[in-house]
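Asker: This structure is in C-alpha cells; I'll ask about it shortly.
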Amino acid sequence: MSDVIPQSVTVLGLGPMGRALAGAFLDAGVRTTVWNRTPGRERELAARGAVWAPSVAQAVAASPLTVVCVVNYDAVDSFLRRDAVAEALRGRTVVNLSADTPDRARDLANWAAGHGISYLDGAIMTQNTVIGTPAGVFLYSGPAGLYSQHRPVLDRLNGTHTHLGDEIGRAAAYDIALLDIFWTTMAGYAHALAVARAEGVTAGELAPFASGLTQILPPIFTQTAAEFDTTDFTSSGTDNPLTSAASTLSHIAHTSESHGIDATLVRAAESLTHHTITLGHGTDGFMRVAEVLGRGWKNSA
C-alpha cells in the first residue's frame, strides 16, 4: 500500500450527512475521494477539490480509510458486499457511520474480517449542519488499536470523538438507546401540543415552559441511572413514587380522550406503571419500570 497517499480518505454516500463529512475533510485539507449511488451529488464537492470515483471499487482503492454514511445497512450491503469491492478493500479500513442495529454491525464486521478488511462501526449523534465544528459528536466501537491508527484523520472532522470499546456493536447500541430517548420524547411533545391546543393553549405559549423541563432532566437522568445500575429505586420513590406517576398518567389520558385525541402512548405508559405497582413496587421511583421492562413485563410476576 505504499502508493496510497497518507492523510487521505474516501467517503461513500453523499446524502446530507455524507456531503457534510466529505466537506469537513476537504476543509481540513484531507485528500478526499467520493462516490454516491446517484450521480450528480458530487459536483459541488468536486468543485471544492474532491476526487470523484466512477465506481465503489475505484473509490475505496484511493484511500487507506473509507468512511461510509448511508441510510442503513441494507444500502451499505448493496454496494460494499461485492467481490470487486471486497478485493479492493483488502488490507484497508472501513469506518461505517450509517445507522442501524447492533446485530447488523456485528454481521458486517464478521463479513469484513472474512475478507481481510479492518472495520470500525460508528454513529453520529448530531445534525449534519454542525459537522466540521466543535459541536459534532461521533461514537466508535471496534479494535482500540485500529481506532488509534485512524484517529488523526477522523479528528479532522472536528467535534468530539469517543471510542466506546472493542465490542463492535456498542456504538450502535448507544445510538439506538439515545435515539429511543429522542424520538419518544418528540412523540410525547407532539402529543402534548395536541392536548394543549385542544385546551386553548398555543404551542408558542407552551414552549417556554416545555424548555424549562430540559433544565431538570439532566440531574434526574444521572440519579435514576445510578438507581437502575444498582437496582435500588427507593430514593427517588420517596418524593415521587410510582403511584403518583400512575395518577398523573391517568389524568393525561383522560384529558386527551375527552378531546378525541389518541392516548395510546400514554395508556401504554400507564399500563406498564400499574403493572409494576401490582408487583409490589408502588413506593419505588419511576425507573423501576425499566427493570420490569428488561425482564419482559407482560410475563413477569
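Asker: What nm value, rounded to one decimal, do you get for the distance between Ala203 and Leu179 when each label is placed 7 Å out toward the C-beta?
Answerer: A separation of 2.3 nm, rounded to one decimal place.
Asker: Let me ask something else. Could you list which residues have their amide H under 5 Å from that of Val67, counting only those 5 or more apart in sequence or on another chain, with H placed in the peptide plane?
Answerer: Thr10, Val11, Leu12, Val95
Asker: Quick one, which of (1) 86, 45, 39; (2) 68, 42, 31; (3) 52, 43, 37 is the actual Cα extents along the principal axes in Å calculated for this model?
Answerer: (2)
Asker: Between Ser55 and Asp107, what FRET efficiency comes out of the Förster formula 1/(1 + (r/R0)^6) with R0 = 35 Å and r the beta carbon distance, rounded to 0.05? Walk me through the numbers before you get to the answer.
Answerer: Numbers: r = 24 Å, r/R0 = 0.69.
Efficiency at R0 = 35 Å is approximately 0.90.
Asker: Here is a follow-up. Thr248 to Ala187: extension gain in nm, 0.36 nm per residue of separation minus the Cα-Cα distance?
Answerer: 20.2 nm
Asker: Calculate the length of the line joining the C-alpha centroid of the stretch 182-241 to that of the stretch 246-273, in whole Å.
Answerer: The stretch 182-241 and the stretch 246-273 have Cα centres separated by 15 Å.
Asker: How high is the FRET efficiency between Asn240 and Arg151 when r is their beta carbon distance and R₀ equals 45 Å, given to the nearest 0.05?
Answerer: That gives a FRET efficiency of 0.55.
Asker: Continuing with this model, one more query. Amide H of Tyr119 versus every other amide H placed in the peptide plane: which residues, excluding those fewer than 5 positions away on the same chain, fall under 5 Å?
Answerer: Distant-sequence amide H within range of Tyr119: Val94.
Asker: OK, next. Would you mind calculating the gained length between Ala194 and Gln127 on full extension (0.36 nm times residue separation, minus the Cα-Cα distance), in nm to one decimal?
Answerer: Numbers: separation 67, 0.36 × 67 = 24.12 nm, distance 2.62 nm.
Answer, rounded to one decimal: 21.5 nm.
Asker: Ok, one more. Using θ = phi - 60° and the Karplus form 6.51 cos²θ - 1.76 cosθ + 1.60, what ³J(HN,Hα) does each residue of the stretch 199-213 get, whole Hz, x for Gly and Pro?
Answerer: 9, x, 9, 6, 4, x, 5, 7, 3, x, 6, 5, 4, x, 5
Asker: Please list 3J(HN,Hα) in residue order for the stretch 32-41, calculated via the Karplus relation 6.51 cos²θ - 1.76 cosθ + 1.60 where θ = phi - 60°; whole Hz, with x for glycine and proline.
Answerer: 10, 9, 10, 8, 8, 5, 9, x, x, 6
Values in this text are rule-based calculations from the coordinates and carry no lab data. Keep in mind it's a predicted model, so treat the numbers as computed, not measured. Cβ: placed from backbone, ideal geometry, glycine included. Neighbour counts: every protein chain shown.
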